[in-house]
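To start, the structure itself, in C-alpha cells.
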Amino acid sequence: MCDQTFLVNVFGSCDKCFKQRALRPVFKKSQQLNYCSICAEIMATDGLHENETLASLKSEAESLKGKLEEERAKLHDVELHQVAERVEALGQFVMKTRRTLKGHGNKVLCMDWCKDKRRIVSSSQDGKVIVWDSFTTNKEHAVTMPCTWVMACAYAPSGCAIACGGLDNKCSVYPLTFDKNENMAAKKKSVAMHTNYLSACSFTNSDMQILTASGDGTCALWDVESGQLLQSFHGHGADVLCLDLAPSETGNTFVSGGCDKKAMVWDMRSGQCVQAFETHESDINSVRYYPSGDAFASGSDDATCRLYDLRADREVAIYSKESIIFGASSVDFSLSGRLLFAGYNDYTINVWDVLKGSRVSILFGHENRVSTLRVSPDGTAFCSGSWDHTLRVRKTSFHFAV
C-alpha cells in the first residue's frame, strides 16, 4: 500500500567515480555496490553490441513478452467458474467475533499464528510486538522495538521464537521463554539487514532460516544463527510488500508481490525468478499460496483479488464487484482452499467462493481498515488486525475448512 511506502535517499561516495552524490544500490554478481545514477547508467550499457541501445533492447523484450502472452492465451480455453458449474454452491453463513484483543496503542500492521493454534503474535505502528493467548486474550510477552511502524512479524515453526522488523531496516529474532518477567530485549538477535524498511518476514520450515522482503526492492534468505546472507532475490522494480513460502515441507519456492504490480515466484536454491505475473493494476499488498501449493492468491490496491494457477502459468480468476472500490490489504485461504478471506480498506472482510468466484459473506466489526488476516493452522478460526488498534478472532458454527 502507498501508506506503507517509505523512501530513503542515500547520499555518499559513489563506488565507481568516488564523487559525493545521491546513490542507488546496484548488484553485480550478488555483491551490492552504491553507484550514482550516471555510473549506474554507464554500467547498464556495458556489453551492448554495435547499434544496440537500451531502448531497442527494451522494445525487443516487450515484443517477446507479447508473443509469450499470445501462446498463453491459446491455452486459455475455459474459465474456472465454468469448470465449477456442477459444484454445489456455498450458502450464506455468519462468522461471529469470539475474542477481541486490545492492547496496541496504534495501528496493527501484521500478525501470525503459532503452530499450537492458540498463540498469536502481532506488530503495530506503536513500536510494540505482542504475543497473545487467543483463548484468554491475555498478553504473554511484549517487546518494544527501537522504531515505530513494526511492519512485519512471524512465529517460528517451533513456537519458541518470533521475528519482527520495520522502519529499522532489520529483522530481529527474539527467543520466547516461560518466564514472562524475563527481559526479552536482552536476548534479541539481529539477523537481517536491508537498505530500506522491512515489509515482511517468514521462517522457512525450520527455526534456522528466515525469508525477508524489503522496501529496497529485494527479498533475502538468512541464516538465523550466524546472520549470514544465504541468498538474495533481485527482480522487483519497486518496494516488495509481501511474501509467502510454498506450503510443501520440501518446498523450495516462495512468492512475492510489490509496488511494481508484479507477483513473482522464486527458486530459493538458485535465487532466480521462475514465474512472474503482471495482471494487477496497482500495488500488490498480499500474496498467499493455495493449500496444495499449485496456485496462489493476491490482494491489491486495485480493489481486486486474483488467483494464479502455477501449472497453467496464468491468472484463472478475479474476485471483485463494482461496489468494491477500496484496496485489498490481506488475503488467506481456508484450510480446504474453497474459501478466500480478503481484508479491505473499507473496514470489511469479504469471503469469496474460490471456485464460483462469488462473494458468500461480508464480515463487519472493525472500525478502520483491515491491515492483516490469517487463518489458524487447524482451519477452525481466523484472526484479523486493523488500524483500529485491535485484533479480532472469529469462529464459525461449522468447520469452515469445507
* Asked: Which one of these does residue 270 not meet: (1) in a loop (DSSP other than H, G, I, E, B); (2) in contact with a Lys or Arg (Cβ under 9 Å, 6 or more places away or on another chain); (3) polar (S, T, N, Q)?
  -> (2)
* Does residue 341 qualify as being closer than 19 Å to residue 110 by Cβ and either touching a helix residue (DSSP H, G or I) at 6+ places or on another chain (Cβ under 6 Å) or modelled with pLDDT under 95 (or both)? -> no
* Breaking point among (1) at pLDDT below 95; (2) part of a loop (DSSP other than H, G, I, E, B); (3) of a type outside the set (Gly, Ala, Ser); (4) in contact with a strand residue (DSSP E or B) (Cβ under 6 Å, 6 or more places away or on another chain), for residue 366 -> (1)
* Within the stretch 183-248, strands (runs of 3 or more DSSP E) holding 1 or more residues that are of a type in the set (Gly, Ala, Ser) -> 189-193, 198-203, 209-214, 218-223, 229-234
* Which is in contact (Cβ under 8 Å) with a residue 12 or more places away in the chain, out of contact with any Pro (no Cβ under 8 Å at 6 or more places or on another chain) and open to solvent by less than 40 Å² (accessible area, probe 1.4 Å), of 248, 190, 158, 172? -> 172
* To do: Residues that are open to solvent by less than 40 Å² (accessible area, probe 1.4 Å), within 26 Å of residue 68 (Cα to Cα) and small (Gly, Ala, Ser): find the strands (runs of 3 or more DSSP E) completely inside the stretch 289-360 holding 3 or more of those.
  => 295-300
* Asked: In the list 225, 278, which residue meets the criterion of being open to solvent by 60 Å² or more (accessible area, probe 1.4 Å) and either more than 24 Å from residue 295 (Cβ to Cβ) or in contact (Cβ under 8 Å) with a residue 40 or more places away in the chain (or both)?
  -> 225
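The values are calculated or read from the model by the stated rules, or taken from the named source; none is laboratory data. Quick caveat: nothing in here was measured; it's all calculated off a predicted structure. Glycine also receives a Cβ, built like all others from the backbone with ideal geometry; neighbour counts cover every protein chain displayed. Side chains are part of the model used for accessible areas, which takes the heavy atoms of the whole protein and leaves out ligands, DNA and RNA. Shrake-Rupley method; radii C 1.70, N 1.55, O 1.52, S 1.80 Å.
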